Amino acid sequence: MRILFNKEEPEIQDCIPIHIGIIMDGNGRWAKKRGFPRKFGHKAGAKNFRKIVKHCSHVGIKYLTVYAFSTENWNRPDQEVGALMRLFEQYLKEALSDFQDEDIKVKFLGKTEKFSEEIKNLILEVEKKSQNHSGMVLNIAMNYGGKEEIVNAVRLISEKVLKNEIQVSEITEKIFSNYLYTSKQPDVDLVIRTGGEYRTSNFLIWQTAYAEYVFTDTLWPDFQIDDFDNILHIYAKRKRRFGGV
Ligand code: IPE
Ligand code: IPE
Ligand code: MG
């Protein structure tokens, strides 16, 4: 395991976030700047993604959720959506060995029905083959939208109410969160968004209620391990109050 912080900063060692979310934005602009089609940016982004995932696992992050494709990203031109789907397929095939080597448990957030049979099967395979891994949990948000997730949870709970399996008065925040795709996982401590936009774009809107946000202008394919470590330092210096004093 890599030594992350120096010994003069023991307090920072204690402040590593348990759950990090990353909005990996800026692939298209990265390619455009170089005069390439957008899909080249996605390819470079996918490569960078593998590197950052391994690093998160090495520094002891327990849960990492990455925003790979939103429910709104289907609105992009067919050609770009097609290129992204081909990349997902390639990534899921190639990254299986990373999950084995790093003991990473993978979960997909979002409905899979819109994906091709090939991708659906790969999703099942990756989840199954990694289900007993005890290292970092990697949530891949693919066809994910925070609003869709909440509506889905409401539907699931409503069905239970109709069957008398749960009473309306029993629905609490804790119970509700068990119906989200991140069921039984801790809320997000830190969200990193690359690419210079200062918005959440429908990412984990329930789980980030008290998350710290760090926005960086760096485009996702350029985002390095050092940038990540610097953000951990920024996070460690934040004072989280959760409404208290
Ligand atoms: C993020 O990069 C990747 C996905 C949304 C799939 P973008 O494709 O949004 O890149 P920009 O923001 O247009 O540069
Ligand atoms: C958010 O980025 C989605 C992902 C990174 C997968 P977008 O590029 O889709 O977000 P907007 O459209 O700029 O808000
Ligand atoms: Mg974008």
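Heavy atoms only, 1.4 Å probe, whole protein assembly: order Arg155, Arg34, Arg193 by accessible area, highest first. Kindly include the intermediate steps, with their values, before the conclusion.
Working: Arg155 150, Arg34 100, Arg193 15 Å².
I get Arg155, Arg34, Arg193, largest accessible area first.
Under the rule of at least 5 residues apart or a separate chain, name every residue whose amide H is placed under 5 Å from the amide H of Val106.
Those qualifying (amide H under 5 Å, at least 5 residues apart or on another chain) are Ser130, Leu138.
Run the helix sum for the chain: -39,500 (n - 2.57) per DSSP H stretch of 4+ residues, divided by residue count, reported at 222 nm to the nearest 500 deg cm²/dmol.
The helix contribution divided over the chain gives -14000 deg cm²/dmol.
Determine the shape class of the stretch 72-120: with a ≥ b ≥ c the square roots of the Cα gyration tensor eigenvalues, call it rounded for a/c under 1.5, and otherwise prolate if a/b is greater than b/c, oblate otherwise.
Verdict is prolate for the stretch 72-120.
How high is the relative contact order of the chain, in percent, with contacts defined as C-alpha pairs under 8 Å that are six or more residues apart?
Working: 359 pairs, mean separation 67.2, N = 245.
Relative contact order, the chain: 27 percent.
Among the listed pairs Lys111/Lys239; Lys93/Lys128; Lys147/Lys239; Lys93/Lys174, give every one whose C-alpha distance is greater than 25 Å. Could the numbers behind the result be given before it?
Working: Lys111/Lys239 36 Å; Lys93/Lys128 14 Å; Lys147/Lys239 29 Å; Lys93/Lys174 35 Å.
Over 25 Å Cα-Cα: Lys111/Lys239; Lys147/Lys239; Lys93/Lys174.
Among 72-78, 36-42, 126-132, 147-153, what's the highest-first ranking by average C-beta atoms within 10 angstrom per residue?
The packing order, highest mean first, is 36-42, 147-153, 126-132, 72-78.
Using a 10 angstrom cutoff on alpha carbons, build the Gaussian network for the chain and name the most mobile of Ile22, Ile166, Ile140.
Checking each option, the largest mean-square fluctuation is seen for Ile166.
Just to be sure I understand: with springs between alpha-carbon atoms less than 10 Å apart, which residue in Gly145, Gly82, Gly135 has the highest mean-square fluctuation in the Gaussian network model of the chain?
Gly82
Rounded to the nearest 10 Å², what accessible area does Tyr235 show when all protein chains are kept and the probe is 1.4 Å?
Accessible area, nearest 10 Å²: 20 Å².
Could you point to the residue in Asn48, Leu92, Trp74 farthest towards the positive end of the stretch 9-122's charge dipole, with +1 and -1 charges on the Cβ of Lys/Arg and Asp/Glu respectively?
The residue sitting farthest along the positive end of the dipole is Trp74.
How much of the accessible area of the chain, probe 1.4 Å, is carbon plus sulfur, in whole percent? Don't jump to the answer; show the numbers that get you there.
Numbers: 6860 of 13270 Å².
The nonpolar share, carbon plus sulfur, comes to 52 percent.
Using a/c under 1.5 as the rounded threshold, could you call the stretch 179-245 rounded, prolate or oblate? The axes a ≥ b ≥ c are square roots of the C-alpha gyration tensor eigenvalues, and prolate needs a/b larger than b/c, oblate otherwise. It would help to have the intermediate numbers written out before the result.
Working: a/c = 1.91, a/b = 1.32, b/c = 1.45.
Note, shape of the stretch 179-245 comes out oblate.
To the nearest 20 debye, what is the magnitude of the charge dipole of the chain about its Cα centre, counting +1 on the Cβ of each Lys and Arg and -1 on the Cβ of each Asp and Glu?
With Lys and Arg at +1 and Asp and Glu at -1, about 400 debye.
For the stretch 169-186, in order, what is each residue's ³J(HN,Hα) by Karplus, 6.51 cos²θ - 1.76 cosθ + 1.60 with θ = phi - 60°, in whole Hz (x at glycine and Pro)?
Whole-Hz 3J(HN,Hα) from phi for the stretch 169-186: 5, 8, 6, 10, 4, 5, 4, 4, 5, 5, 9, 7, 5, 8, 2, 6, 9, x.
When the distances between all Cα atoms of the chain are binned every 5 Å from zero, what whole-number percent does each bin get?
Over the chain, the share of Cα pairs per 5 Å bin runs 1, 6, 12, 17, 19, 18, 13, 7, 5, 2, 1, 0 percent.
Rounded if a/c is under 1.5, else prolate if a/b is larger than b/c, else oblate: which is the stretch 100-242, with a ≥ b ≥ c the root eigenvalues of its Cα gyration tensor?
oblate
For Ile22, what residues show an amide H to amide H distance below 5 Å, using hydrogens built from the backbone and excluding near sequence neighbours?
Thr65, Val66, Tyr67, Ile192
I'd like the Karplus ³J(HN,Hα) series for the stretch 214-230: coefficients 6.51, -1.76, 1.60, θ = phi - 60°, whole numbers in Hz, and an x wherever there's a Gly or Pro.
Whole-Hz 3J(HN,Hα) from phi for the stretch 214-230: 10, 9, 10, 6, 4, 6, 3, x, 8, 6, 9, 4, 5, 4, 4, 5, 4.
Search the structure for amide H atoms under 5 Å from the amide H of Ile205, placed 1.01 Å from N in the peptide plane, and list their residues when 5 or more places away or on another chain.
Correct list: Gly146.
The values are calculated or read from the model by the stated rules, or taken from the named source; none is laboratory data. Everything quoted here is computed from the prediction, not taken from an experiment. Methodologically, a virtual Cβ is constructed for each residue, glycine included, from the backbone with ideal geometry; neighbour enumeration extends over all protein chains shown. These accessible areas exclude ligands, DNA and RNA; they are computed on the full protein's heavy atoms, side chains included. Shrake-Rupley method; radii C 1.70, N 1.55, O 1.52, S 1.80 Å.
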